[in-house]
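Note sheet for the following structure.
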Amino acid sequence: MSGPVALGGPVVALSGGVGGAKLAHGLMRQLPGGALTVIVNTGDDFEHLGLHIAPDLDSVVYALSGLADPVKGWGRDDESWNFMAALKQLGGEDWFALGDRDLAMHVERSGRLARGATLSAVTARFCAALNIAARVLPMSDDPVRTRLETSEGTLEFQDYFVHRQCQPVVRAVEFVGAGAARPQPEALAALQRPDLRAVVICPSNPFVSVEPILAVPGLRAAIEATPAPVIAVTPIIGGKAVKGPAAKMLRELGLEVSGETVARRYAGLIDGFVLDITDPPPEPIAGVALRRAATLMQTVGDRDGLARAVLEFADGLR
């Protein structure tokens, strides 16, 4: 691995689950300890089996701690499934898989939240216990829930994503509670730092991973106001999403499945956009510089390389 990029200053990343978590890991490895703050989507959070499940937060925590399953990209490596087998035997709800090791995270989080801790405080405790050299922050400590209008009616996100395997046609997306949610204070402060080096929108689904963060009052405005370069990375490669339903949702919402479409959706917010090297150069986008890089992250080296490319791109736009 190469050493940290020379230019200093803190970096803020916006992340959803698997793809965003991988780039966040690469960024953490390229930056001095404590220089990275990751603001994570919590619109996917839900209550299940009496537990508070935070899929995107957990994906980021596992990726940054080196505990993530390298094949699935979510959950813990070296997992076992005895709990799920016993639950199924009892006729319980087994559509959302909770591994035996992963279950510890949900039980500990839920217990602390029930005793009055904030989601931020619980996440910080996990990061400290796992020696993570970055700040991982929920976008808000208030509940925001992503809800989809679909061909099968109104569905909560995890019902659509996991239970129904993304099969219903998506017609609209809403973020319930976003208007009343308060931005996580440290997240807002990180975006307002005068020495901020860059804001990076990781390669996460724009509709259900990034836009819930931007819907929390104050966060989008802080990004728009920062003098630091704002760089987004494509979640679409060769007309396909690496993980998740981003490509399917683009089609169903009447949009072309391409990185260029995502770049245009972020226009007015970003200064630069990273497309994959395999995609053709897009038409110019007013106010947005474009760069191509290897965005498929199959190895830790891939994460490092993309992180370096993003940081160098941002530094060139300062």
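Taken together, the values in this text are just the output of simple stated rules run on the coordinates, not laboratory data. What you are looking at is a predicted structure, and each value in this text was computed from that prediction instead of being measured. Neighbour counts are summed over all protein chains in view; Cβ atoms, including those assigned to glycine, are modelled from backbone coordinates with ideal geometry.
Determine which aspartates and glutamates satisfy two conditions relative to Lys88: a Cα distance under 15 Å, and not lying fewer than 8 residues away in the same chain.
Partners found: Asp100.
Compare the Cα positions of Ser80, Val136, Leu148 along the charge dipole of segment 11-316 (+1 at Cβ of Lys, Arg; -1 at Cβ of Asp, Glu; about the Cα centre) and return the one farthest towards the positive end.
In segment 11-316, that residue is Val136.
Could you order the peptides 93-104, 267-278 from most to least packed, using the average number of other C-beta atoms within 10 Å per residue? Spell out each step's value before the answer.
On the way: 93-104: 16.0, 267-278: 18.4.
Top to bottom by mean Cβ count within 10 Å: 267-278, 93-104.
Could you name the aspartates and glutamates whose alpha carbon sits less than 17 Å from that of Lys22, not counting residues in the same chain fewer than 8 places away?
Leaving aside aspartates and glutamates fewer than 8 places away in the same chain, those within reach of Lys22 are Asp56, Asp58, Asp69, Asp77, Asp276, Asp302, Asp304.
Between segment 34-92 and segment 204-255, what is the separation of their alpha carbon centroids in Å?
22
If amide hydrogens are placed 1.01 Å from N in the peptide plane, which non-local residues have theirs closer than 5 Å to the one on Phe46?
Long-range HN contacts for Phe46: Ile53.
At a Förster radius of 25 Å, what calculated FRET efficiency corresponds to the Cβ-Cβ distance of Ala121 and His48, to the nearest 0.05? All intermediate terms of the calculation are to be shown ahead of the outcome.
Numbers: r = 22 Å, r/R0 = 0.86.
Efficiency, from the Cβ-Cβ distance: 0.70.
Kindly provide the helix-only [θ] at 222 nm of the chain, computed as the sum of -39,500 (n - 2.57) over DSSP H runs of four or more divided by all residues, to the nearest 500 deg cm²/dmol?
Details: 11 runs with 109 residues, N = 318.
One gets -10000 deg cm²/dmol as the mean residue ellipticity at 222 nm.
Applying a 10 Å radius around every beta-carbon, put 174-181, 306-313, 285-292, 10-17 in order of their mean neighbour count, most first.
Details: 174-181: 16.8, 306-313: 22.8, 285-292: 15.1, 10-17: 27.1.
For the peptides 174-181, 306-313, 285-292, 10-17, the packing ranking is 10-17, 306-313, 174-181, 285-292.
Over the alpha-carbon set of segment 11-316, divide Rg by the Kirkwood Rh and report the Rg/Rh ratio to two decimals. List each step's numbers first, then the result.
Values: Rg = 18.4 Å, Rh = 19.5 Å.
Value, to two decimals: 0.94.
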